[in-house]
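Read-outs throughout are calculated quantities, based only on the coordinates presented, and are distinct from any laboratory measurement. Computed from a predicted model, the values in this text were never measured in an experiment. Using ideal geometry, Cβ is built from the backbone for each residue, glycine included, and neighbour counts are taken over all protein chains shown.
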Amino acid sequence: MYNAKFVKSNGDVFNFGLEYSTILDISPLSELDVQIGTNQGFQQIGDTIQTRGMKGVSRTIKGTIIGEANSLKKRMLTVFSPFASGKLYFNDKYYCHAVVKKTPAISVDDQDAEFSMMLYCPSPYWYAARQSSYSIGRIILAFSFPTTFTTHKFGTKNPSAFINVYNPGEDTSDFELEFAATGDVTTCGVLDINTQEFIEITANLTVGDAIRMYRDSGRLRVEKLSGGVATDIFGLLKYDSNLFTIRSGDNVWKMYAGTGVDNLSVEATFNIAYPGVYDGM
């Protein structure tokens, strides 16, 4: 028997599972529907596949409130309100983004009331709750002092400009990239050695500056962080940049810069995407 919880965008949480006086079933946990576009020529035997894609998925949550139900009924109706959005977690290890599609239907029983609701997940994948992180040129801390230094770090810097970003899950475009400067840098980028895809940002950086590239509700954003102030620099992303997917398996990346590459580091973070989850996973 698994546990689940819904974390609403405003911070409200509703927990499911035996320890929270509910028995539940989430469906589907896997079984994704792939849309396939085909074409057939004159006298052709079979089809030619032209497009493939996946839409979002509707997930039904149903179960029983064990014992006295009225307090949990009220809580359930409050959290799963119309237009509510958030994250649905499975065993605290995986999550999917979700919005309420059908608010809870709850039986009138005071004891052992049954319930059912539906959430819509715009991405069909489940994502690992724990982030994976890979970096190039970051300082590896060697030791620490009882006193905290805010201006200095003691350690060694990995001299390699290459890193293998390993993704054991599905292809994902939902990742964050951060460039950081310890000195003057002009133009920074990352190149995938195998696919020749790249990201290049024609910005000038000085000590303490950073560039953050991420997706916000699917929209790509590029920001420069300098002196605690974030500035939109999407216009400085080179027009033909195309490294927007961390593919399944090995991704060998090289960091580069116009000048000052020794003053540059880059870190990629992402949540591994899975087509399905199951109890015990």
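Beta carbons closer than 6 Å, at least 6 apart along the sequence or on distinct chains, pair a first residue in the range 160-184 that is within 18 Å of residue 255 (Cα to Cα) with a second that is among the hydroxyl-bearing types (Ser, Thr, Tyr) and in a strand (DSSP E or B) for 163/134; 165/134; 176/214; 176/269; 180/265.
Hey, among 30, 81, which residue is hydroxyl-bearing (Ser, Thr, Tyr), more than 24 Å from residue 278 (Cα to Cα) and assigned to a loop (DSSP other than H, G, I, E, B)? Quick ask: steps written out before the conclusion?
On the way: 30 fails: more than 24 Å from residue 278 (Cα to Cα).
Going through 30, 81 in turn, just one is hydroxyl-bearing (Ser, Thr, Tyr), more than 24 Å from residue 278 (Cα to Cα) and assigned to a loop (DSSP other than H, G, I, E, B): 81.
Residues in the range 210-250 that are under 13 Å from the mean Cα position of the chain (by Cα) and of a type in the set (S, T, N, Q) were compared, and the one that is surrounded by the most Cβ atoms within 10 Å (Cβ to Cβ) is 245. Total residues in the range 240-259 satisfying the condition of being under 10 Å from residue 190 (Cβ atoms) and either charged (D, E, K, R) or without any contact (Cβ under 8 Å) to a residue 24 or more places away in the chain (or both): the figure is 1.
How about the range 35-56: which of its residues are within 20 Å of residue 97 (Cα to Cα) and surrounded by 10 or more Cβ atoms within 10 Å (Cβ to Cβ)? Explain how you work it out, then say what you get.
So the first thing to find is which residues in the range 35-56 are within 20 Å of residue 97 (Cα to Cα), and the list is 53-56.
Passing the criteria: 54, 55, 56.
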